Amino acid sequence: MRRWIVLLLVAFSLISCARTYDREATFIQEEYASYEGKGTAQVCGQAYLHLDGGNQHVASDNNVLLAPVTSYTEEAFNVKVLRGRNLVDPDPQAMKFEQHTKTDDEGRFCFADLPAGDYYIVADIVLPTSTKEHHRSELAHAKASLKAEENVYILVTR
């Protein structure tokens, strides 16, 4: 009987971890107003991971996301990036403010013509042990604060 209880508890904890997180934050247009249109700031950087043994793994040809910091993106950042939980699909209105690019062979990336403000930068870095059958990646992240006409260089790592 005790064995069944333990198995039931383990199964319940695995199911609850795999659940998709329902967003509590809502898209608030006013929080995005300052991020509309083109700006004069730029953020460039390099993305990489610190691996076991002290080695670095550069994000070569990997996806990088830039999103303005708002209450809506803050929740997504905390849940998905920091806690690694799945989220329900984002509000299409918020997705209009996201930008995407890929890193070059040395992990470098750049986002230009940005309005001043605070941004999350998240790189989805494919691990060197990843294969077609077993895709494995980790999210590296950083936060950048940009002023008008400012060029910022940032390291996106984990």
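Quick note: the coordinates plus some simple rules give every number you see, no bench work behind them. Note that the structure is predicted; figures quoted are calculated from it, not measured. All Cβ positions, even for glycine, are placed from backbone atoms using ideal geometry, and neighbour counts span all protein chains on display.
The loop-placed trypsin sites (Lys or Arg not before Pro) in the range 78-129, going by DSSP, that have at most 16 neighbouring Cβ atoms within 10 Å of their Cβ come out as Arg83, Arg85, Lys96. When shorter helices are ignored and each DSSP H run of at least 4 residues is given -39500 (n - 2.57), the per-residue value for the chain at 222 nm works out to -5000 deg cm²/dmol. Lysine pairs in the chain whose alpha-carbon atoms fall under 30 angstrom of each other, counting only those eight or more residues apart or on distinct chains, come to 15.
For the chain, the residue among Phe111, Ile28, Gln42 whose Cα projects farthest onto the positive side of the dipole built from Cβ charges is Ile28. Note on the range 26-96: Rg/Rh from C-alpha atoms, Kirkwood Rh, equals 1.03. Charging the Cβ of each Asp and Glu at -1 and of each Lys and Arg at +1, and nothing else, the dipole of the chain about its Cα centre rounds to 840 debye. Over the C-alpha atoms of the chain, the Rg to Rh ratio, Rh being the Kirkwood estimate, stands at 1.06.
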